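Worksheet for the structure shown next.
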Amino acid sequence: MNLITISGPPSSGKTAVIIKTAESLKMRGIKIGAVKFDCLATEDDIAYEKAGIPVKKGLSGQLCPDHYFVSNIEAVLDWGLKEEFDLLVSESAGLCNRCSPYIKEIKAVCVIDNLSGINTPKKIGPMLRMADIVVITKGDIVSQAEREVFAARVHAVNPTAIVMHINGLTGQGAYELSTLLYDQDQRVNSLKGKKLRFSMPSALCSYCLGETRIGESYQMGNVRKMNLEEK
């Protein structure tokens, strides 16, 4: 089975891109499944079901969604193998732009939209910089010049990635993406021993453990302070 990890900022069009791409894959006889990771709530699983894609969802609650992802991805892979999928898509929440839900030797896709601002690519960390493919959405809403400038900013941050535009409403460009996702030579039977492409966001402080009071006397663990004397 092929495993693909897809991440991106909220409302960038990840689910729409996956569903439109899945239509092209299913026309080629490829059996596809999906897993949606999110924080508090999601209705994306309903959209997958309407599109005829078997889906599971996981909500991290108070936990970092990427830590939740890496703790559950092995079980997710086992589910996909049990269902005999040809391709399993893991969609991450990617809320803080620092997220890095990518695994070495597993194809990684980042979805980002033109409406987020031309400086957004510089603000996104490993989620964009470590991706193999960067999909830019909502290009129909901005001008051609804005699309080209945004794509150039993406390329400057991640010069090795394939950058492509997809319309999540019409599906334009989804077929091209489908030809890049499925590869018979990249089958995965286990993730045991594999490594993440980049370390997870690090935080283990009193607030992580449920503290709500403000003040230095209540702050313990991994705490970083601003240097307000710098000019």
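The values are calculated or read from the model by the stated rules, or taken from the named source; none is laboratory data. Because the structure is predicted, anything quoted here is derived from the model rather than measured. Here Cβ is always computed from backbone atoms with ideal geometry, including for glycine, and neighbour counts include all displayed protein chains.
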Restricting segment 19-39 to residues that are small (G, A, S) and more than 12 Å from F85 (Cα to Cα), the one surrounded by the most Cβ atoms within 10 Å (Cβ to Cβ) turns out to be A22
Within segment 8-35, residues under 18 Å from V163 (Cα atoms) and of a type in the set (D, E, K, R) come out as K14, K20
Filter segment 185-231 for residues that are assigned to a helix (DSSP H, G or I) and closer than 30 Å to A108 by Cα; the one that is nearest to the chain's Cα centre (by Cα) is Q186
Selection from segment 40-71 of residues at pLDDT below 90, surrounded by fewer than 17 Cβ atoms within 10 Å (Cβ to Cβ) and of a type outside the set (A, V, I, L, M) yields E43, G61, Q62, H67, S71
Going through (1) within 30 Å of A152 (Cα to Cα); (2) touching a residue at least 40 places away in the same chain (Cβ under 8 Å) one by one, D86 fails only at (1)
Considering segment 107-123, residues that are under 24 Å from L63 (Cα atoms) and at pLDDT 90 or above, and then whichever is surrounded by the most Cβ atoms within 10 Å (Cβ to Cβ), we arrive at C110
Note on segment 95-120: residues within 18 Å of R153 (Cβ to Cβ), of a type outside the set (A, V, I, L, M, F, W, C) and in contact with an Asp or Glu (Cβ under 8 Å, 6 or more places away or on another chain) are N114
Restricting segment 142-168 to residues that are assigned to a helix (DSSP H, G or I) and not hydrophobic (A, V, I, L, M, F, W, C), the one farthest from L115 (Cα to Cα) turns out to be H155
Considering residues that are within 24 Å of L181 (Cβ to Cβ), surrounded by fewer than 17 Cβ atoms within 10 Å (Cβ to Cβ) and of a type in the set (V, I, T), the number found within segment 143-161 is 1
